[in-house]
Amino acid sequence: MSDLFASAGQHEPWIESLDAGVSLLHGFAKDNAAVLYQEIIAISARSTYRHLSTPGGYVMSVETTSCGARGWFSDQHGYRYVSRDPISNAPWPVMPESFLRLAGDAAKAAGFDQFVPDACLINRYLPGAKMSLHQDKNERDYSAPIVSVSLGLPATFMFGGNLRSDPVKHLDLLHGDVLVWGGVSRLRFHGVMPIAPGQHALCGQQRINLTFRLAG
Ligand code: MD3
Ligand code: FE
């Protein structure tokens, strides 16, 4: 059935090479989304979403939690990875098999073999939430890629260059899309425009982003 239409154009999942080291895997996580979403609910029941504060004293509009051996954390003392949830003081929830498999498969499809992340940051965006332009540079080894999975409401993603002042391109990220960043693009500035209100069949009135990293 779907093959009838596949020949008419691009069909999902299809891989779009956006730049050196940047691949957009359209719809790559769509078939797994319901399983991923159930895992996200279970993780956030144990390590709850929270608004983190930046070292500069701003409260982030995004709410975050983590799973895996390391979780990303931020407060007045800086950005860092910690092995326990500072709220519960328990280790972060274990990274589910379905997360590990998806991250490894996506990295492989983008040309990065043997990606085994030790950290998965879960960002929840309610309408209006955004993420300002920044670099991800708290990880020890920049040779590993970063795999980012978008679920729920659509987002306009911003990606710039290696300098904050470099021009920024905009890109729509839809439910099920997976971005893989590595190589010469690993330290590029990026961010997310404020999320528009809406309703998503699986996730409701929110966007959820899973960001897989090798942090330690
Ligand atoms: C480009 N999250 O948590 S993921 C973050 O959609 C973060 O929640 C965004 O940026 C989100 O740090 C974007 C896409 C992404 C992640 C890492 C990157 C893009 C990247 C690292 C280098 C360049
Ligand atoms: Fe980032």
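So here's what we get for this one:
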| quantity | calculated |
| --- | --- |
| Residue list for segment 177-201, filter: aliphatic (A, V, I, L, M) and either under 14 Å from the mean Cα position of the chain (by Cα) or surrounded by 15 or more Cβ atoms within 10 Å (Cβ to Cβ) (or both) | Val178, Leu179, Val180, Val192, Ile195 |
| Whichever residue in segment 115-145 is away from ligand 2 (no atom under 15 Å from the Cβ) and modelled with pLDDT under 95 and, among such residues, is nearest to Tyr81 (Cα to Cα) | Arg140 |
| Selection within segment 153-196 - within 20 Å of Met60 (Cα to Cα), free of Cβ contacts under 8 Å to residues at least 60 places away in the same chain and not in a loop (DSSP other than H, G, I, E, B) | Ala155, Thr156, Phe157, Met158, His190 |
| Cross-chain or 6+ apart pairs with Cβ under 6 Å, segment 25-53 first and farther than 29 Å from Tyr79 by Cβ, then surrounded by fewer than 16 Cβ atoms within 10 Å (Cβ to Cβ) and at pLDDT below 95 | His26/Glu12; His26/Trp14; Gly27/Glu12 |
| Pairs where the first residue, in segment 78-107, is touching a residue at least 40 places away in the same chain (Cβ under 8 Å) and the second is of a type in the set (S, T, N, Q) and in a strand (DSSP E or B), C-beta under 6 Å, 6+ apart | Trp92/Ser66 |
| Test for Ser148: is it away from ligand 2 (no atom under 14 Å from the Cβ) and of a type in the set (Ser, Thr, Tyr) | no |
| Some residue of segment 201-214 being free of Cβ contacts under 8 Å to residues at least 60 places away in the same chain and assigned to a loop (DSSP other than H, G, I, E, B) | yes |
| Leading residue by the ranking (nearest to ligand 1 (Cβ to nearest atom)) among those in segment 130-141 that are over 14 Å from Asp118 (Cα atoms) and of a type outside the set (A, V, I, L, M) | Asp136 |
| Criterion violated by Leu174 - all others in (1) more than 19 Å from Ile43 (Cα to Cα); (2) crowded, with 20+ Cβ neighbours inside 10 Å; (3) more than 8 Å from ligand 1 (Cβ to nearest atom); (4) within 13 Å of the chain's Cα centre (by Cα) satisfied | (2) |
| Tabulated pairs, segment 129-145, first among the basic types (Lys, Arg), second within 13 Å of ligand 2 (Cβ to nearest atom) and open to solvent by 40 Å² or more (accessible area, probe 1.4 Å), C-beta under 7 angstrom, 6+ apart or interchain | Lys137/Leu187 |
| Residues of segment 56-99 classified as farther than 27 Å from Met193 by Cα, among the hydrophobic types (A, V, I, L, M, F, W, C) and surrounded by fewer than 19 Cβ atoms within 10 Å (Cβ to Cβ), total | 5 |
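A quick yes/no check of all residues on (1) within 30 Å of Gln38 (Cβ to Cβ); (2) open to solvent by less than 50 Å² (accessible area, probe 1.4 Å):
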site: Leu126; (1), (2): yes, no
site: Ala129; (1), (2): yes, yes
site: Leu133; (1), (2): no, yes
site: Ile146; (1), (2): yes, yes
site: Pro154; (1), (2): yes, no
site: Arg164; (1), (2): no, no
site: His170; (1), (2): no, no
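Conditions tested, residue by residue: (1) acidic (Asp, Glu); (2) within 17 Å of Leu102 (Cβ to Cβ); (3) within 12 Å of ligand 2 (Cβ to nearest atom).
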site: Asp172; (1), (2), (3): yes, no, no
site: Leu179; (1), (2), (3): no, yes, yes
site: Ala196; (1), (2), (3): no, no, no
site: Leu202; (1), (2), (3): no, yes, no
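The values are calculated or read from the model by the stated rules, or taken from the named source; none is laboratory data. Just so it is clear, the structure is predicted and the values come from calculations on it, not from any experiment. We place every Cβ from the backbone using ideal geometry, glycine too, and count neighbours over all the protein chains shown. Surface areas here come from the heavy atoms of the whole protein model, side chains and all, with no ligands, DNA or RNA. Shrake-Rupley method; radii C 1.70, N 1.55, O 1.52, S 1.80 Å.
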